[in-house]
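A short write-up of the structure that comes next.
The values are calculated or read from the model by the stated rules, or taken from the named source; none is laboratory data. Computed from a predicted structure; not experimentally measured. Cβ coordinates were reconstructed from backbone atoms using ideal geometry, including for glycine residues, and neighbour counts include every protein chain displayed.
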Amino acid sequence: MAASLVENGAIDRKMFQDSTQEYLVVFAKVEPLLPALREKFNNPKMSAHLESLAMSLPQARQQIDAIGARIKGLNRRPETRPDVIGKSRFGPRRDGKRCGATAA
């Protein structure tokens, strides 16, 4: 909805792009699904405002691809992610094992 407001001039594009990049994360997640969703719902303009806003940035493709790669990395199992190994969102484990370690 915010993308539609920007695309129709209700919100200044530069101000919106300077204040948030959340729309890029959303677009990076849905972009691979858009062709199938548009076909399934018989709506060729589905998320068109979001796509137009995201693609209007300089170097849009590189930014969206980089965000998509980070999202894919976050979706990996925690025990295989280097930024999570040995950490827990609840603090250190009492048994001294690393997070993601299997029982012996």
Inset, instruction - Give just the number: which of (1) closer than 12 Å to Ala2 by Cα; (2) within 13 Å of the chain's Cα centre (by Cα) does Leu53 not satisfy? - result: (2)
Inset, instruction - For residues that are of a type in the set (A, V, I, L, M), more than 19 Å from Asp12 (Cβ to Cβ) and in contact with a helix residue (DSSP H, G or I) (Cβ under 8 Å, 6 or more places away or on another chain), tally how many sit in segment 39-58. - result: 1
Inset, instruction - Go through the residues of segment 31-47 one by one and say whether even a single one is touching a residue at least 24 places away in the same chain (Cβ under 8 Å), of a type in the set (Asp, Glu) and closer than 26 Å to Gly73 by Cβ. - result: yes
Inset, instruction - Spot the failing condition for Glu39; the list is (1) on the phi < 0 side of the Ramachandran plot; (2) surrounded by 10 or more Cβ atoms within 10 Å (Cβ to Cβ); (3) at pLDDT below 95, and only one is missed. - result: (3)
